[in-house]
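Every read-out reported here was derived from the displayed coordinates using simple, explicitly stated rules and does not represent laboratory data. Small disclaimer: the values here were computed from a predicted structure and weren't measured. All Cβ positions, glycine included, derive from the backbone under ideal geometry; neighbour counts span all protein chains shown.
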Amino acid sequence: MEDYNRILDDILHTVNSVDTPGNVASYIPELAKIDPFKFGVSLQFVNGETYNAGDYDERFSIQSISKVFTLSMAIQCIGDKVWDRVDVEPSGDPFNSLVQLEHEEGIPRNPFINSGAIVICDILLSELENPKDDYLQFMHDLQGSDKIQYNEEVFKSEKSMGYRNVAMANFIKSFKNIHNKPEDVLDFYFYTCSLDMSCVELAWCFQLFAQHGKCAPDGTLFLEPNQIKRINALMLTCGFYDESGEFAFRVGLPGKSGVGGGIAAVLPGEFSIAVWSPKLNEKGNSAKGMHALELFTTHTEKSIF
Ligand code: GLN
């Protein structure tokens, strides 16, 4: 029987004893204020056993991890029609790249890069009467409480500086793959990215992907196992932008990162795990977070491979 408290404490000690290079995201000014040396982890098994270490209870900006939740909602709304608007291939380009959109006529390569998530937000805007309220409600249902909220400062900060995303939404609109007003789509997209959550809260919400579509608080089936299979496959192949191959190689779990320094990942049928450390590597993924997850799956031999 593994002693997971000890394993997580050892990982915390190891990652904190190396001087990991990297920088906190600064293109969203509000994120530049975060203490770069934070580190937290929460490991939650499907049977409810939970193990935490470090700053596991502190909330941080989930940023692109939101892309997994908005995709889940879009699949709930329109099922396989999502794939008429967004492809399912890794991009091999940075998360905020526009280059492939030109060749692929405004169809983003996958839902986990900015262009893809913006199209997913457009779908939700068309389908839902109150997209922001419905998104927050979806998160509260997954969490079993209404504690998760958006961070207005982060939202405004990104909205005032998100020029690349503005360019992207307009570019996609020129190919007619955005149906609403680009500014409305972006307003919703920035909102989805600006939620604050802790490692414990994220790992709990990611039980959806560990439990084949069951919502952890009450066991309701939110998505079909086959739909979760696809989301998990996309997390493995596209969850870390142009570092998805490296993440699969080093860690071996489906997961999703965000520029707030969070990473959430799952071993389907067994556990969810969320880590947070704000310093990012050059691909925009948490440097210590990746290191910690690599240590975890190497030591426990718990990866999908
Ligand atoms: N809100 C961020 C952006 O659009 C999300 C990017 C990320 O976390 N990789 O740039």
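Summary of computed values
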| item | result |
| --- | --- |
| When the convex hull of its Cα atoms is projected in every direction, mean area for the chain (nm²) | 13.8 |
| Proxy reagent accessibility, fewest Cβ within 10 Å first, across Arg6, Arg230 | Arg6, Arg230 |
| Choice from Asn16, Asn130, Asn165 with maximal GNM fluctuation in the chain (Cα, 10 Å cutoff) | Asn130 |
| Candidate aspartates and glutamates - alpha carbon under 15 Å from Lys302, same-chain residues fewer than 8 apart omitted | Glu2, Asp3, Glu270, Glu294 |
| For the range 210-287, share of DSSP beta bridges that run antiparallel, in % to the nearest 5 | 100 |
| Where Cα atoms sit under 20 Å apart: lysine pairs in the range 116-217 separated by 8 or more or lying on different chains | 8 |
| Separation between Cα centres of the range 184-236 and the range 1-80, rounded to whole Å | 14 |
| Ascending count of other beta-carbon atoms within 10 Å, so fewest first, for Ser91, Ser272 | Ser91, Ser272 |
